[in-house]
Every structure is written in structure tokens, then in C-alpha cells.
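**Student:** Attaching a single structure in C-alpha cells format; questions to follow.
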Ligand code: NOJ
């Protein structure tokens, strides 16, 4: 397999709004990130994925862009951006930008023009349709509740918005749109950035028949078969690759809702014709249910193993995996798959990290994950800021689909705002995030869970992540080895091996709060095993082991 830096890297995602506020306005900013660059160097990451910092009215916290070449005032200036980029590069850290080009803001000048008249030169930059029988052009729902179509008085037509009504979808069928996007990407590459994380890139090509979708419990139709992995998406990405990506040395990762392994082989094939890797969602959707993601079901470990193993094995040698538990759209993993009680928070956070970081692919760490940050105890609906969560609360409770108390419980468990509470730097006011009033509540557990405390303690989650990152740099098998799942039917243990030529690793993770018996698999002998990392102070392997609650250990065969 060809060796490349992005296969060997560990990526760290920053959600700038919640990272570090340098000017006391309660909102994180670029200078705050620059201030913390040494922290990231100490952690050992190679790449920062920066969630959007462009000008935006912030209907969806920057994922609604009104100027692709300008910096959001709250985050600073272009000079601040350049300083941050230089500070990262001086430390050997690369910067990957969020590229949000499925849609723009409705305040983007293209859309402002587009909605003016049916013959405006920018009309065809977006997707405009006539209504059908006095109703929307089809029955598609928006991802953020309600219809995906918005009626516009000026011309008496509807525009498509898969996300909020302030996020109109761009019309990628229009060659001029593609050219504008590619030119803008080129402009950023010329500035010296190191790659793109492409927001919902699997959704840019729509089925031009715009058929109704199967009706869901909320009464709207499912757009996914006609939007996700649409008819021309690979053609567009190849065109993007020829025009921009292939000219630079970049990391490219596509956020690909609805992607299957077969599709991923096209998006992220090792031939490099499209992208380096994709974010798939199958493992994150295993606890979804009838009311979409709004429930408090637990993921069945057997299903998790089956899903992740499918991605590990089927992409091996053909395409490249990205590995993640967390991002700005997901609740905190230690509260979801681990155990955030005082007794087990640290151990289970380390176990989850081990399980993910020993797999094949490029790992992503989301800010605060390296501390074992937890979901937040939001007191009421008024404490949430996320458009998806707030809209869903109204949609599901007002339709009588979910009782208000249940919905509040689901929001506390699954809302994206769990990931967006401020980064916990120290035990001073507002967790050292801001001297002002933070735009979203600080998790009150910051007095116990924070960077300063963890840096001072050798057995902290922070130092454990640091070790995992170092291991990836020291052992090529972690990057390039193949993967084999053991004990697929075990409901409690996740055990797998990695293999590269003569080398072998054994990864053992107990996903429960109980001690578990474990016997070494065939071919593994206790006196021929070297421990690489343990979260429970284990040293030697034994042929029959009693695994501690949430124990994780990695052994190399010697
Ligand atoms: C995916 C992003 O990760 C999410 O935060 C955003 O709301 C949607 N795409 C729309 O851009």
C-alpha cells in the first residue's frame, strides 16, 4: 500500500465557537486557537480540521456561509487566520478547512440575486421549482424538521433546502456553480491550507426527477434515495479532483451521509481519483430508531463490531477509512458507549480510545474527547442552542410523536449541543474558556475535568491519548496492517487482531462495567506477548485473564 502522510496522521477537530475565546465576548475565536497551538503540539496531533470560520449569519453555526473568502467577524480577521495557519505550520501541524458547498446561506450574494427574479443570471445557481397542486414540489422533509422546500413570494416558486430554510441547496448541475466552487477552493489552497473536510458532499447531486420519497412518521417523505450518492456525484468529485485537488498535496475527507462500502470504494478509492477518505455513519446510526435519532437506546456491541469490521475489512487495500467516535454533530462518546460515572469515566474513555485508535484508518479526535469530556446536564430547552435540536423538540412534541419529558431526555442524550459546550481548560470561571458570558452553557463538571488537571497527572485520559498517538507513529502495523475480528458473538468484549507481514497485534476491550473472563486466542502465548498499552495498569498477559471493568490492552506478538 502506498505510504502517504494523511494515512499516518491523527486529526484533531476544532469547533472554533467553543474552543477558546481570546477577547472575552463569550465566543471562541481564531486567536484563541493560536494561543492553544502548543497544547495541540503536546498532544501530538498532526492535522487540525477547523469547523467553518467563514462569514455566516450563524443559523447553523457557520454551516450557512455568506462569504467563502471572508472570516466571520466573531472569530477574528483574515490576518488572524493567517497567523493561526503560520503558528500551526511552524509546529508541523496542518490545517484542513471545512468546505460547505452543498448549500450556502440565503444571505450569500448568489442567493440574494437568485431570488430576485426568474431570469436573474444567478437564478440557476439554486434549485427552484413550481409547486404541485398548490403544494410543495415534492414531499421531502428537511434534515432540520419541516418541508425541504420554501415558498418565495417574489417569484411564486419554491427553493430546495435540505437543511434549514436559510441554507438553500446549490445547483451542481450548473457548470458555472462548479467553476465558482473550484475557483474558491483553489484560492484557499493558494493560501497554503492543507486540505478539506467536505460537508455532506454525498448530497450534491440530486435525482433530477425529484420524486416523492417514502413517507416517514413525521408525515414528510424521505429524500435520501434521491439525494445521497446521487447520479452525478462521482462525476463532480472527479472534476473537482482534476481541477483542484490533484494540483496540491491535500488531505480530503468527504462527509458522506448514506454511504455504503461499495460507494466508499468510489469516493475514497486508493487510485486517488476522488477523495482520500470518507466519514461513514453506519456505526453512529445503530442507536437510531423510529423517531430518527431521538431516543435513548444503547448500541448493541455485536452490531457495532459487525458494522465497524465490515468497514475495516471491505475497504482494506481498496479505499481508506476514517475513524471517529465524536464530532460536533454527535453526543460525547463516553456518555454514549462508555460510562460517565465518576467510577468509570476515565477508564471507559481510554478503552473507547484504544478500540478506535488501534483500527485501520485515519483517527479523528474531537476537542475535549482527549479529556473524556461528557454530555452536559442542560436544565431546559432554553439552554440548547442547536437548530436541529430545538426544531426537533417542537416537531416531535407538537405532533404528539414523543412526550415532552421523553424528548428532553433524548435531547440530553443525543443533542449535538453536548459536543458544543466550551472546551474545559482549567477550573477557573467558565472553565478558562472565556472571561465573558459563554454563548452556550459550560458543563459544570469542568472543575474536575479540565486540561490543566489532566496535564498534571500521568494517568489522565489526556496522557493516554498522547500515548496512543505515539504508538501509531512507532508501529507501522497500526497504520497499514490488516484487521481481523475475534469473538464476533461476544456481547461484551471487542477483540481484534492487526497483521502486517510477520507482525501481529492483539487488541482487547471490555465494553462493560463488569469483570470478564478472557482466554488468549489460538496462536497467542502469554510469554510471547509484549504489552503496548493498558488502561488498568496491567503488565503481563496470562493465558486466562480476568479483565477489569472497561479494561483495554494492546499486545504485540514477539
Ligand atoms: C453536516 C455538518 O456537520 C452539520 O453540523 C451541519 O448542520 C450540516 N452538515 C449542514 O451543513
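The values are calculated or read from the model by the stated rules, or taken from the named source; none is laboratory data. Everything numeric in this text was worked out from a predicted model, so none of it was measured. With ideal geometry, Cβ positions are generated from the backbone for all residues, glycine too; neighbour counts draw on all protein chains shown.
**Student:** Every residue in the range 231-256 that is part of a loop (DSSP other than H, G, I, E, B) and either surrounded by fewer than 19 Cβ atoms within 10 Å (Cβ to Cβ) or more than 22 Å from the chain's Cα centre (by Cα) (or both), please.
**Tutor:** Within the range 231-256, 231, 232, 244, 248, 249 qualify.
**Student:** Related question: Kindly indicate whether residue 133 is touching a residue at least 12 places away in the same chain (Cβ under 8 Å), more than 16 Å from the ligand (Cβ to nearest atom) and surrounded by fewer than 22 Cβ atoms within 10 Å (Cβ to Cβ).
**Tutor:** It is false that residue 133 is touching a residue at least 12 places away in the same chain (Cβ under 8 Å), more than 16 Å from the ligand (Cβ to nearest atom) and surrounded by fewer than 22 Cβ atoms within 10 Å (Cβ to Cβ).
**Student:** Return the only residue of 35, 42, 8, 74 being more than 29 Å from residue 463 (Cα to Cα) and away from the ligand (no atom under 13 Å from the Cβ).
**Tutor:** The match here is 74.
**Student:** Okay, next question. Within the range 136-158, restricting attention to residues that are within 16 Å of the ligand (Cβ to nearest atom) and part of a strand (DSSP E or B), which residue is farthest from residue 204 (Cα to Cα)?
**Tutor:** Here the answer is 150.
**Student:** For the range 257-271: of the residues being crowded, with 17+ Cβ neighbours inside 10 Å and in contact (Cβ under 8 Å) with a residue 60 or more places away in the chain, which is farthest from the chain's Cα centre (by Cα)?
**Tutor:** It comes out as 263.
**Student:** Are there any pairs, at least 6 apart or on different chains, whose C-beta atoms fall under 7 Å, with the first in the range 162-191 and within 16 Å of the ligand (Cβ to nearest atom) and the second in a helix (DSSP H, G or I), and if so, which?
**Tutor:** Going by the 7 Å Cβ cut-off, the qualifying pairs are 162/203; 162/227; 164/387; 168/111; 170/125; 170/177; 172/178; 172/236.
Yes/no matrix, rows are residues, columns are (1) farther than 30 Å from residue 452 by Cα; (2) assigned to a helix (DSSP H, G or I):
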| residue | (1), (2) |
| --- | --- |
| 390 | yes, yes |
| 394 | yes, yes |
| 397 | yes, yes |
| 413 | no, yes |
| 418 | no, yes |
| 426 | no, no |
| 430 | no, yes |
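**Student:** Still on this model: From the residues in the range 37-70 that are farther than 26 Å from residue 101 by Cα and free of Cβ contacts under 8 Å to residues at least 60 places away in the same chain, which one is farthest from the chain's Cα centre (by Cα)?
**Tutor:** Selected residue: 38.
**Student:** Within the range 390-415, track down each residue that is buried (at least 22 other Cβ atoms within 10 Å of the Cβ) and within 19 Å of the chain's Cα centre (by Cα).
**Tutor:** Those that are buried (at least 22 other Cβ atoms within 10 Å of the Cβ) and within 19 Å of the chain's Cα centre (by Cα): 411, 414, 415.
**Student:** Continuing with this model, one more query. Just to be sure I understand the filter: pairs with C-beta atoms under 7 Å, separated by 6 or more residues or on different chains, first member in the range 317-330 and touching a residue at least 24 places away in the same chain (Cβ under 8 Å) and within 26 Å of residue 375 (Cβ to Cβ), second member part of a loop (DSSP other than H, G, I, E, B) and within 15 Å of the ligand (Cβ to nearest atom). Which pairs pass?
**Tutor:** From residues that are touching a residue at least 24 places away in the same chain (Cβ under 8 Å) and within 26 Å of residue 375 (Cβ to Cβ), the pairs are 328/15; 328/51; 328/416; 329/416; 330/284.
**Student:** In addition: How many residues does the range 448-495 contain that are under 30 Å from residue 387 (Cβ atoms) and in a helix (DSSP H, G or I)?
**Tutor:** Residues that pass the stated criteria total 1.
**Student:** Just to be sure I understand, how many residues within the range 190-219 are closer than 15 Å to residue 275 by Cα and assigned to a loop (DSSP other than H, G, I, E, B)?
**Tutor:** The total comes to 4.
**Student:** I've got another one for you. Go through 199, 296 for me and flag whichever is touching a residue at least 60 places away in the same chain (Cβ under 8 Å), more than 16 Å from the ligand (Cβ to nearest atom) and either within 25 Å of residue 393 (Cα to Cα) or in contact with a strand residue (DSSP E or B) (Cβ under 7 Å, 6 or more places away or on another chain) (or both).
**Tutor:** Selected residue: 296, the only one of 199, 296 that is touching a residue at least 60 places away in the same chain (Cβ under 8 Å), more than 16 Å from the ligand (Cβ to nearest atom) and either within 25 Å of residue 393 (Cα to Cα) or in contact with a strand residue (DSSP E or B) (Cβ under 7 Å, 6 or more places away or on another chain) (or both).
**Student:** Counting only residues that are at pLDDT 95 or above and more than 26 Å from residue 466 (Cα to Cα), give me the helices (runs of 4 or more DSSP H) lying completely in the range 1-102 with at least 3 of them.
**Tutor:** 78-90
**Student:** Condition (residue is surrounded by fewer than 22 Cβ atoms within 10 Å (Cβ to Cβ), closer than 29 Å to residue 245 by Cα and away from the ligand (no atom under 16 Å from the Cβ)) applied to the range 112-121: is it met by at least one residue?
**Tutor:** yes
**Student:** Can you spot a residue in the range 350-371 that is buried (at least 22 other Cβ atoms within 10 Å of the Cβ), over 26 Å from residue 479 (Cβ atoms) and in the same structural domain as residue 284 (by TED's automatic domain parsing)?
**Tutor:** The answer is no; no qualifying residue exists.
**Student:** Looking at the range 539-558 only, could you name the residues that are crowded, with 18+ Cβ neighbours inside 10 Å, assigned to a loop (DSSP other than H, G, I, E, B) and more than 32 Å from the chain's Cα centre (by Cα)?
**Tutor:** Listed by number, the list holds a single entry, 541.
**Student:** Moving on. Taking residue 494 as the residue in question, decide whether it is touching a residue at least 12 places away in the same chain (Cβ under 8 Å), outside the structural domain of residue 379 (by TED's automatic domain parsing), at negative phi and in contact with a helix residue (DSSP H, G or I) (Cβ under 6 Å, 6 or more places away or on another chain).
**Tutor:** Here the answer is yes, as residue 494 does meet what is asked.
**Student:** All but one of (1) in contact (Cβ under 8 Å) with a residue 40 or more places away in the chain; (2) touching a helix residue (DSSP H, G or I) at 6+ places or on another chain (Cβ under 9 Å) hold for residue 512; which doesn't?
**Tutor:** Every condition holds for residue 512 apart from (1).
**Student:** Quick check: is even one residue across the range 456-468 assigned by TED's automatic domain parsing to the domain that holds residue 371, over 26 Å from the mean Cα position of the chain (by Cα) and under 30 Å from residue 360 (Cβ atoms)?
**Tutor:** yes
**Student:** Is at least one residue of the range 427-441 more than 19 Å from residue 29 (Cα to Cα) and either buried (at least 24 other Cβ atoms within 10 Å of the Cβ) or in contact (Cβ under 8 Å) with a residue 60 or more places away in the chain (or both)?
**Tutor:** no
**Student:** Please work out if residue 337 is under 20 Å from the mean Cα position of the chain (by Cα) and in contact (Cβ under 8 Å) with a residue 60 or more places away in the chain.
**Tutor:** yes
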